[in-house]
Amino acid sequence: MTDYILTLSCDNRSGIVAAVATRIATHGGDIFEAHQFDDSTTGMFFMRVGFSMQGEDAAFRAGLDEEIERFGLDYTLRVAGAKRKVLFMVSKFDHCLGDLLYRNRIGELNIDPVAIVSNHPREALNLTLMENIPYHHLPISKDTKAEQEAQVKAIIEESGAELVVLARYMQILSDDFSAWLAGRCINIHHSFLPGFKGARPYHQAHERGVKMIGATAHYVTADLDEGPIICQDVEPVSHADTPDDLVRKGRDIERRVLARAVTWHLEDRVLINKTKTVVFTK
């Protein structure tokens, strides 16, 4: 028996759940996990099903053609737990990248890290976990932005990366590049969006006397830092905390928020719902 994860979305209508369950049963499948959500605001229906099935998935996919025609399904079907090719982009702040690579080493993430791209040389990072992952130093300036992004795109295509993770990559992607990466590029923002955008967010928060700081992981879109949010977390602070304390606490939040977002994406728990997401956590 092989475990599979099926995710789907479509305009909501009667009979979708029954049709999917019947299709799985017809092929001898056994459902072990199921989530569904009907968004009355957008009129969309979302579903994630985990099931076990013998044999190849080709026959099952062929059987879904009828449901695709009936309901207009947009679906993905993957073997559960299969490793996915991931490309990382990073600048000088390497705490998020180091955390993801460590989690992958100990088996918490099913990642095949195919490349690391940075606008700084390898020596600027303090990591010892990069091992044999290809490292691409691609400097960028205002005048070379288009050329640099073309190089990154070529690396993504050549490596077969299914997901791009901006692990504190401190460069703004162009609108065209963001559109090309739609739904497969996750960014970690060092703030609990929306708020305190721009440079030195923790110092802005300190100057305003905030009692809570946070971080946000979201999909990249052309709208800067306004893509569909996947995961957020916060931590209380007090009047006694200095800006350095906030930075230190912020690093911890960023690490765990990005790790959750990447994990959920890799497990097909995140479905994009126009400007927001549906996240089927355990």
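When Gly81, Gly107, Gly55 are checked against the criterion of being loosely packed, with under 14 Cβ neighbours inside 10 Å, in contact with an Asp or Glu (Cβ under 8 Å, 6 or more places away or on another chain) and either in a loop (DSSP other than H, G, I, E, B) or charged (D, E, K, R) (or both), a single residue qualifies: Gly81. Give me the pairs, please: first residue somewhere in the range 139-164 and closer than 17 Å to Ser178 by Cβ, second residue anywhere and assigned to a helix (DSSP H, G or I) and of a type outside the set (A, V, I, L, M, F, W, C), beta-carbon distance under 9 Å, and either six or more positions apart or on two chains. As it stands, the answer is Ile140/Glu147; Ile140/Gln148; Ile140/Glu149; Ala146/Asp176; Glu149/Asp176; Leu163/His265, since those pairs meet every condition given. Across the range 111-123, the qualifying residues are those that are assigned to a loop (DSSP other than H, G, I, E, B) and more than 22 Å from the chain's Cα centre (by Cα), and the one among them that is surrounded by the most Cβ atoms within 10 Å (Cβ to Cβ) is His120.
Just one of (1) in contact with a Ser or Thr (Cβ under 8 Å, 6 or more places away or on another chain); (2) modelled with pLDDT of 95 or more; (3) small (Gly, Ala, Ser) fails for Ser191. It is (2). Here Asn126 meets the list (1) at pLDDT 95 or above; (2) surrounded by fewer than 17 Cβ atoms within 10 Å (Cβ to Cβ) almost entirely, failing just condition (1). Among the residues examined, Leu87 does not qualify as touching a helix residue (DSSP H, G or I) at 6+ places or on another chain (Cβ under 8 Å), surrounded by fewer than 19 Cβ atoms within 10 Å (Cβ to Cβ) and among the hydrophobic types (A, V, I, L, M, F, W, C).
The values are calculated or read from the model by the stated rules, or taken from the named source; none is laboratory data. A quick note: this is a predicted structure, and the numbers were derived from the prediction, not measured. Cβ: placed from backbone, ideal geometry, glycine included. Neighbour counts: every protein chain shown.
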